[in-house]
Every structure is written in C-alpha cells, then in structure tokens.
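Beneath this line is the structure, given in structure tokens, with notes to follow.
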Amino acid sequence: MKKNENKEKKQNRGWYYNLSFENRNTIWAYIFLAPWLIGILAFFLKPVVELVIYSFNKITLFQGGMDMEAVGWNNYKYIFTVHANFNQLLITTLLEAIPKLVLILILSMFLAIILNGKFKGRTIARAVFFIPIIMATNALTNIVGGSELAIVESMQAEEATNVNFITGFIVRMFDSPELVGGILKVVSNIFDTILLSGMQTLIFLGGLQSINPPLYEVARIEGATNYETFWKVTLPMLSPHILTVSVYTLAEHFMSSDLVKLAYDTAYLQSQWGYSSAMNVIFMFATVIVIGIVIAILSKGVYYSE
C-alpha cells in the first residue's frame, strides 16, 4: 500500500520531480546557458554569416541601403594574387604567433612565481602588474582629456628627444649603428613583452595560489628539490591555466595584428567592403585553425585535480 501511495504522490508532483538528479541538473544548465546562447546567435553567428555572404559580393553603399553584386571567388583571388600587402602580413602574423606565445608563457610564469613568493612589498609589486592592463585599454585616454592630454603628449615628445640623444651618444661610442640598432630592438622587445604579460601573470598568480599547500609539504618530506617540485607539482597543477593563457595570448596577438587595420582601412577608407570582408573571413579561419591546433596539443597534457 505504501509503495502505491508513493508512486501516486510522484505522479501528482509533475514531470520535473520524476526526473533523475542528473537530468534536473542538465535542464538548469541549459537555463543558465540560455542568455549566452541567445547572445552567440544574435550577436556573433549572424554577423559572421553576413560577413561570409559579403565576401562573395561587390558591395556599393548608398543613402539608406546598399547594393550587392555577386562576384563569386573574385574577392579572394584578388587578395591572394593581386593585393600587395595581405599575404605578407598574414604570413608574418602566423609566424610570429608561436614564438611570441612561448616567450610570454615563460616570462609571465616566471614573474608569477616571483610575485607569489614571500617578501616585503609583495602587495605593491602585484598591484604594479595592473598598470599594463590599464595602459593597454582606452581607459587612460578616456580619463586624460583636454589640457591633461596635451601635457602627456608634451612629456612624450620630451622623452622621445632624450631617447634620440642617448641613442646618438651610444652610436658614436660604439661606432656601429647596426649593433646599436640590434641592442635597442632587443631591449624594446623585452619591454613590449613585459607590457603584454600583465594579464597572463595575474592568471598564473591566481593558479599558484589555488595549489593545495599539502602537495608542497609532501614533496618536501619526500626530499624533492625545488627543481623537481616545479616539474612534478607546480607545472602539472598550472596546466589548465597554461591552456587559458595560451588561448588568451593568441587571441590578443591576432586582434592586435596589422591585418585588422588593413581590413578596416580597406572598408572605411577605400570603400572596398567586399575585399575587406574576404580579408576578415580568411583571417578568422586562420585564427581559429591556429588556436584550435594549440588547444588540441595542450589539452593532452592538461591535468585537472579533483
């Protein structure tokens, strides 16, 4: 009798309560993902589809609308065979991606390990790494306006004059412009790399602080050296963050490429919307392929602790 009563109660409660715990979680997962899915469909997939369509057409804008004339693959043929700069910029961007990724990974992990150590002024040192993130956005430009911006530009001009004076002095001292140029390029690249490593350093710093301290305690008891502890404990526990940093760095690299500016200028300055759309489509697929390959390779070595 009791079993029959329980069955009747379950049937009266509705279909949701008759589902298993896993199925209920699945339903709630889709509910929470719904805003993101709607955003992807409305603000990402739709523009991408339109971009692909535009790339196969010659587009003429007029007041109140636009006219599209189908040209097939002509836009792509022009870009690959006639355009003077696209192929060179695309190859340069692709070739620079992996070396830049490796350099930023090593540097940001090294900085994160240093900042994770115990020393006086650690909080201030960590806060300093927010500066590159702020400088990399338009926040500073929006804050500094009018006379303040003029002061900044004046300071930059004075700084450039000082740099030119120092460069000229070094050239006269070494009597080798090529050598000095190489040294300055290396130094400039180092500062640029540090500037681009702010967010990655913070991600790794968060990963280091999330590692369970008993793991290091066990390694110390077992007599592991700092070198062995890094390779056996720190690096495996940071592997999910390495994947995240790699995707972020590659996306940032491609977004800052000169190809983005080239496509923009082609559309808005030369009014060649079809060519610009084709450039963006090619660049988009190249970006997806490179990031996909990196994810496929790094995912094999990612360790997720339970």
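The values are calculated or read from the model by the stated rules, or taken from the named source; none is laboratory data. Since the structure is predicted, the reported quantities are computational estimates derived from the model, not experimental observations. Heads up, the Cβs are rebuilt from the backbone with ideal geometry, glycines too, and the neighbour counts pull from every protein chain shown.
Annotations for the structure displayed:
- Residue that is surrounded by the most Cβ atoms within 10 Å (Cβ to Cβ), among those in the stretch 182-197 that are farther than 18 Å from residue 240 by Cα and at pLDDT 65 or above: 196
- Yes/no for residue 223 being surrounded by fewer than 17 Cβ atoms within 10 Å (Cβ to Cβ), within 13 Å of residue 113 (Cα to Cα) and at pLDDT 85 or above: no
- Count of residues meeting criterion [without any contact (Cβ under 8 Å) to a residue 60 or more places away in the chain, outside any loop (DSSP other than H, G, I, E, B) and of a type outside the set (Gly, Ala, Ser)] in the stretch 284-306: 9
- Top-ranked residue of the stretch 241-283 - restricted to ones that are without any contact (Cβ under 8 Å) to a residue 24 or more places away in the chain and of a type in the set (Gly, Ala, Ser), ranked as surrounded by the fewest Cβ atoms within 10 Å (Cβ to Cβ): 256
Rundown of residues vs (1) exposed (fewer than 10 other Cβ atoms within 10 Å of the Cβ); (2) at pLDDT 85 or above; (3) in contact with a Gly (Cβ under 7 Å, 6 or more places away or on another chain); (4) not assigned by the TED database to the domain that holds residue 281, yes/no style:
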{"residue": "4", "(1), (2), (3), (4)": "yes, no, no, yes"}
{"residue": "7", "(1), (2), (3), (4)": "no, no, no, yes"}
{"residue": "25", "(1), (2), (3), (4)": "no, yes, no, yes"}
{"residue": "29", "(1), (2), (3), (4)": "no, yes, no, yes"}
{"residue": "34", "(1), (2), (3), (4)": "no, yes, no, yes"}
{"residue": "39", "(1), (2), (3), (4)": "no, yes, no, yes"}
{"residue": "51", "(1), (2), (3), (4)": "no, yes, no, yes"}
{"residue": "57", "(1), (2), (3), (4)": "no, yes, yes, yes"}
{"residue": "61", "(1), (2), (3), (4)": "no, no, no, yes"}
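- Among the residues making up the stretch 54-92, those that are in a loop (DSSP other than H, G, I, E, B) and small (Gly, Ala, Ser) are 64, 72, 84.
- In the stretch 63-84, the qualifying residues are those that are surrounded by 11 or more Cβ atoms within 10 Å (Cβ to Cβ) and of a type outside the set (Phe, Trp, Tyr), and the one that is farthest from residue 278 (Cα to Cα) is 66.
- Residues of the stretch 226-236 that are modelled with pLDDT of 90 or more and over 28 Å from the mean Cα position of the chain (by Cα): 228, 229.
- Residue match in the stretch 97-120 (condition: among the charged types (D, E, K, R) and not in a helix (DSSP H, G or I)): yes
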